[in-house]
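First up is the structure itself, then whatever we jot down about it.
The values are calculated or read from the model by the stated rules, or taken from the named source; none is laboratory data. Everything quoted here is computed from the prediction, not taken from an experiment. With ideal geometry, Cβ positions are generated from the backbone for all residues, glycine too; neighbour counts draw on all protein chains shown.
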Amino acid sequence: MPTPGPRPRARRPFSRLSGCKMSAAKASAPVDQVLTANRLSDGKVVFFSADGGWDERIDRARVVAKADGEALMAAAAGTVGEVVEPYLIDVDIVAEGGSAGPVPRRYRERIRAFGPSIHPQFAK
Amino acid sequence: MYRYDEFDHAFVAQRVEQFREQAARRLAGTLSEDEFKPHRLMNGLYLQLHAYMLRVAIPYGTLSSRQMRKLAHIARAYDRGYGHFTTRQNIQYNWPALKDVPDILAELAAVEMHAIQTSGNCIRNITADPFAGVAADEIEDPRIYAEIIRQWSSLHPEFSFLPRKFKIAVTGAAEDRAAIAFHDIGLQLVRAEDGEVGFAVLVGGGQGRTPMIAKTIRPFLPKAHLLSYLEAILRVYNLLGRRDNLFKARIKILVHEVGTEAFTDMVEEEWAQLKGGPVELPDGELERILAYFRPPAYERLEAVTPAVDVQARADPAFAAWVRANLVAHKQPGYAIVNLSLKAEGEPPGDATDAQMDAIADLADRYSLGEIRVTHEQNLVLPNVKAGDLYELWQALRPLGLATANIGHVTDIIACPGLDYCSLANARSIPIAQAITRRFNDLARIHDLAELKIKISGCINACGHHHVGHIGILGVDKKGEEFYQITLGGDATRTAAIGSIVGPAFSSDQVVDAVETVVNTYVDVRAPGERFLDTYRRLGPAPFKESLYAAH
């Protein structure tokens, strides 16, 4: 049982969201951003991709330095009709493993990017 | 049950075609999201974390087998093979595509269902005692009045843009199974000393960030004046409800701020203008609606079915299910059967398309074609002959629908939480799943007697954590999921709002913490005491001690 005072940092018991993705989130690391939204036609989570379209996979997202976030928004301006409510999220770049690529810093965005933690069959 | 008349059919069909056109214009880009959003919300279509979410109304939680089959078909054909039954007796689909939604609404209309007023600042689906019409402890079937309120409130022009959403629940029974004290309006059918049946009217209950227990503003309202009195309450709220602050816009805040007495006076004054006027139910209308809710053709059976006792003696697992999941029926020889949607490791309230189809078949075979949805996220076969129980139970087991845990520690209410919901701060379902895995021994579950755990993923309290005997609220603490525990909540006639027991727990501590609370109860309970009784007798001290004392 917990003792008074600072609590130990939570270890996430849910495999899809744990492991290297979590340990990658370091406040001191340089912050990158990707642009995300929900696709208009089916509501699916999408990311503005390297090839200028919208893609369901975050590992194909165009990654920019935080300072260039607004420019990324501008680059996507011609395609925002395909999506709903685009916004920028902070990511860390994970180099190793099967989940190499951008990983959102906030767990809300990790769940959006990788699918509901309770349905591994819907994971992306 | 109620059947649509020509007006209902035409109206719902018209709405489907209107939405078809609106969706087509949105997909073509001629409507912006800002323009389209109010239209989709008026048809129950939200945009959630991963996809659109369609919330379909199940008026007062009553479904025919034909409707259940349609819900299964929609889950299979347009979604990902499951649906989620909610605390408002509705069903939600988590993955529909916008382009398919007009077709889904057309499919629903074919079985007299829709998604109108399942969102927005209007009067939402009217909920009721899930055992309405069959409960042994009932004065009258509350669905008759729920249906009258549904018809009155559907597209009511004056009440389509209220300060905030508005939820009404009705019960006709002595025991409150509809959480009426936690609704904007709660109605309870009561019998006066002279034998006349009317309503006790409760106003201003709710959960969310400011939980309130409803106040009784009228202990007895004659049935004939139901609509004029509701109209008076809604008018006072519509005029005075806070439109300047989203968090203070519900009627509970108004009642709290002006005081129950002053609020009651305002309602009574407004009612004096409306009473006996055109809003009152026309002659013959009550009888017309009542005819739809006449009891089905029950067989005349013996009250006691010895075969059930014999089967129960022979099969302890069946006996446990009979003990936990059955409720007394008003008709001799029949039983109300709860189907638990809280099997070990499953998301509370979820049912697959195959389960829904099977339940529809079982309803036809064993329950006169009828199914109910409970606000505790389970399903009910309301009309089962006692002699059929053993056979039904055997059919339910392979479907994962025979978990003998109704009202027990694993019969958990949980909101969708951060796995689906864009408002959530933390996940709810994985905590519920972990608790059902921790408490997976039936003897232990039953030894813990009645124990209700309710989990919300944010302060909006869709998972009813305020009224959980043990409530769990997910919070975001510096980017991590933490869970606050409340104790002593109660959604029934002895309504109470739970109190926070102490600092929150991390996601990998919270199940241990729940088990500590449960074990503490076992250690300190008096013989025959439920968790709530023990908590009320001893207060939070022993639980705080075991949770937080330094070891």
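Considering the conditions (1) under 27 Å from residue B:413 (Cβ atoms); (2) assigned to a loop (DSSP other than H, G, I, E, B); (3) not acidic (Asp, Glu), residue B:200 is excluded by exactly one of them, (2).
Scanning the stretch B:44-66 for residues that are over 19 Å from the mean Cα position of the chain (by Cα) and more than 14 Å from chain A (Cβ to nearest Cβ) turns up B:65, B:66. Within the stretch B:349-373, being buried (at least 24 other Cβ atoms within 10 Å of the Cβ), within 22 Å of residue B:126 (Cα to Cα) and not aliphatic (A, V, I, L, M) holds for B:349, B:372. If you go through the stretch B:515-547 and keep only what is within 14 Å of chain A (Cβ to nearest Cβ) and crowded, with 17+ Cβ neighbours inside 10 Å, you end up with B:516, B:517, B:518, B:520, B:543, B:546, B:547. Evaluation of residue A:85 against the conditions (1) within 29 Å of residue B:26 (Cβ to Cβ); (2) facing chain B (nearest Cβ under 10 Å); (3) crowded, with 18+ Cβ neighbours inside 10 Å shows that the sole unmet condition is (3). Would you check which residues across the stretch B:41-75 are farther than 26 Å from residue B:427 by Cβ and not hydrophobic (A, V, I, L, M, F, W, C) and list them? B:43, B:59, B:60, B:61, B:62, B:64, B:65, B:66, B:67, B:69, B:70, B:73, listed by residue number. One residue stands out among those in the stretch B:234-265 that are farther than 18 Å from residue B:205 by Cβ and touching a helix residue (DSSP H, G or I) at 6+ places or on another chain (Cβ under 8 Å): the one that is surrounded by the fewest Cβ atoms within 10 Å (Cβ to Cβ), which is B:238.
Considering only the stretch B:117-138, state which residues are under 26 Å from residue B:160 (Cα atoms) and surrounded by fewer than 23 Cβ atoms within 10 Å (Cβ to Cβ). Scanning the stretch B:117-138 gives B:119, B:120, B:121, B:122, B:124.
Checking each residue in the stretch B:84-103 for being within 14 Å of chain A (Cβ to nearest Cβ) and in contact (Cβ under 8 Å) with a residue 24 or more places away in the chain picks out B:84, B:92, B:93, B:94, B:95, B:96, B:97, B:98, B:99, B:101, B:102, B:103. Answer with yes or no whether residue A:120 is at pLDDT below 95 and facing another protein chain (nearest Cβ under 10 Å). No. Inspection of the stretch A:94-101 identifies at least one residue that is assigned to a strand (DSSP E or B), surrounded by 14 or more Cβ atoms within 10 Å (Cβ to Cβ) and modelled with pLDDT under 95.
The requirement of being outside the structural domain of residue B:368 (by TED's automatic domain parsing), more than 25 Å from residue B:457 (Cα to Cα) and modelled with pLDDT of 95 or more is not satisfied by residue B:204.
Starting from residues that are under 23 Å from residue B:63 (Cα atoms) and at pLDDT below 95, keep the ones in the stretch B:295-327 and report whichever is surrounded by the most Cβ atoms within 10 Å (Cβ to Cβ). By that ranking, first place goes to B:296.
Among the numbered criteria (1) within 14 Å of another protein chain (Cβ to nearest Cβ); (2) touching a strand residue (DSSP E or B) at 6+ places or on another chain (Cβ under 7 Å), which single criterion is violated by residue B:462? Here residue B:462 clears every test but (1). Restricting A:55, A:68, A:90 to residues that are modelled with pLDDT of 95 or more and within 14 Å of another protein chain (Cβ to nearest Cβ) narrows the list to A:90. The residue that is surrounded by the fewest Cβ atoms within 10 Å (Cβ to Cβ), counting only those in the stretch B:405-427 that are facing another protein chain (nearest Cβ under 10 Å) and among the polar types (S, T, N, Q), is B:422.
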